[in-house]
1. As I understand it, the dipole of segment 124-245 uses +1 on the Cβ of Lys and Arg and -1 on the Cβ of Asp and Glu, about the Cα centre. Which of Ala196, Leu126, Pro140 lies farthest toward its positive end?
2. Work out from phi, with θ = phi - 60° and the Karplus expression 6.51 cos²θ - 1.76 cosθ + 1.60, the ³J(HN,Hα) of each residue of segment 137-143, listed in order in whole Hz, and give x for Gly and Pro.
3. Apply the Karplus curve 6.51 cos²θ - 1.76 cosθ + 1.60, θ = phi - 60°, to the phi angles in segment 32-48 and return the couplings in whole Hz, x for Gly and Pro.
4. Place the peptides 184-193, 157-166, 201-210, 99-108 in order of packing, highest mean first, counting for every residue the other Cβ atoms within 10 Å and averaging per peptide.
5. Gly100's amide H: which non-local residues (gap 5+, or another chain) put their own amide H closer than 5 Å, with H modeled 1.01 Å from N in plane and none for Pro or chain starts?
6. With a ≥ b ≥ c taken as the square roots of the eigenvalues of the C-alpha gyration tensor of segment 67-168, please select rounded if a/c is under 1.5 and otherwise prolate if a/b is larger than b/c or oblate if it is not?
7. Please express the Cα-Cα pair-distance distribution P(r) of segment 132-210 as a list of whole percents, one per 10 Å bin, running from 0 to the bin with the greatest distance.
8. Using the Cα gyration tensor of segment 116-164, with a ≥ b ≥ c the square roots of its eigenvalues, what is the shape: rounded (a/c below 1.5), prolate (a/b larger than b/c) or oblate (neither)?
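Please treat every number below as a calculation from the coordinates, not as lab data. Predicted model, so just to flag it, every value in this text is computed and none were measured. Because the Cβ atoms are built from the backbone with ideal geometry, glycine has one as well, and the counts that use them run over all protein chains shown.
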Amino acid sequence: MNEVIKLLQSHRSIRKFSDKAIDQKTINSIIASGQAAATSSNVQGTTVIQVNDGEAREKLVTFSGGQKYIASAGAFFVFCADLKRSAQACALEGGEFTQGMTEHFIIATIDVALFAQNCTIAAESLGMGICYIGGLRNNPAEVSELLDLPENVYPVFGLCIGYPEQDPEVKPRLPLDAVLMQDRYDADVLAPGIKAYDEHMRAYYRSRTGGKKDSNWSSEMRSLVGKESRPHMRSFLDSKGFTML
Ligand SMILES: Cc1cc2nc3c(=O)[nH]c(=O)nc-3n(C[C@H](O)[C@H](O)[C@H](O)COP(=O)(O)O)c2cc1C
């Protein structure tokens, strides 16, 4: 264990923030830490929109299904996968952007995730808390319109950053041997890993909710992957030029 590993393993999402402001210099340093992440072929396919305007934040609360911490966090950002900038660079050199490649979509989306996760670690190292907001994808077209996102740019998720006003427990993860396999995929480890984790998670949910939430990981997954999830994403991405050729 060193301090970095301790910090990484003490992560928990924060959904209640104090009204302590974050100065722009600190924000710039958090975002510059995101920029320092590895990026596929140096594409740097991330654009971050810092949303300061109170009305816009309230709209994003609505677009995300009422997640009020979007409005109360010290800072809120929309992380966008951006191929427009590299398309423009390509044009500057007399080239023609090949729009709609699945591989380009994957590159930009991975870039966004790595960038954002660096930002979260930077923020957490400064005593702040974070919460990702995938809920923005409930209404991606409305989010795009609000932020003037052009073609070849789409909102991947939001990120709340602020000083925590709660101290939740760290959420347990799957046992290591259910996720780290040696030399080949071993499907036999799944069932025992899930069973052990289900017991752990049931105890965690009970303790976090004073006994009210009686669930486990498998039933959470049943609700999540046992039904369609944001099926509008396919046509939304098409409309933004991410046609997946
Ligand atoms: C891409 C992404 C999107 C997420 N979207 C939301 C969200 O919309 N609202 C929310 O409250 N939490 C959201 N989360 C937080 C997860 O629920 C949380 O990370 C997970 O349950 C593990 O808990 P922990 O972060 O406290 O360890 C998101 C996390 C990720 C990585």
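1. Looking along the dipole axis, the top candidate is Ala196.
2. Values per residue, Gly and Pro as x: 7, 5, 9, x, 5, 5, 4 Hz.
3. Taking θ as phi minus 60°, the curve returns 5, 5, x, 4, 6, 5, 4, 9, 3, 6, 6, 5, 6, x, 10, 10, 10 Hz for segment 32-48.
4. 157-166, 99-108, 201-210, 184-193
5. Here Thr243 satisfy the definition.
6. Note, shape of segment 67-168 comes out prolate.
7. 14, 24, 24, 28, 10
8. Prolate shape, in that a/c is at least 1.5 and a/b is the bigger ratio.
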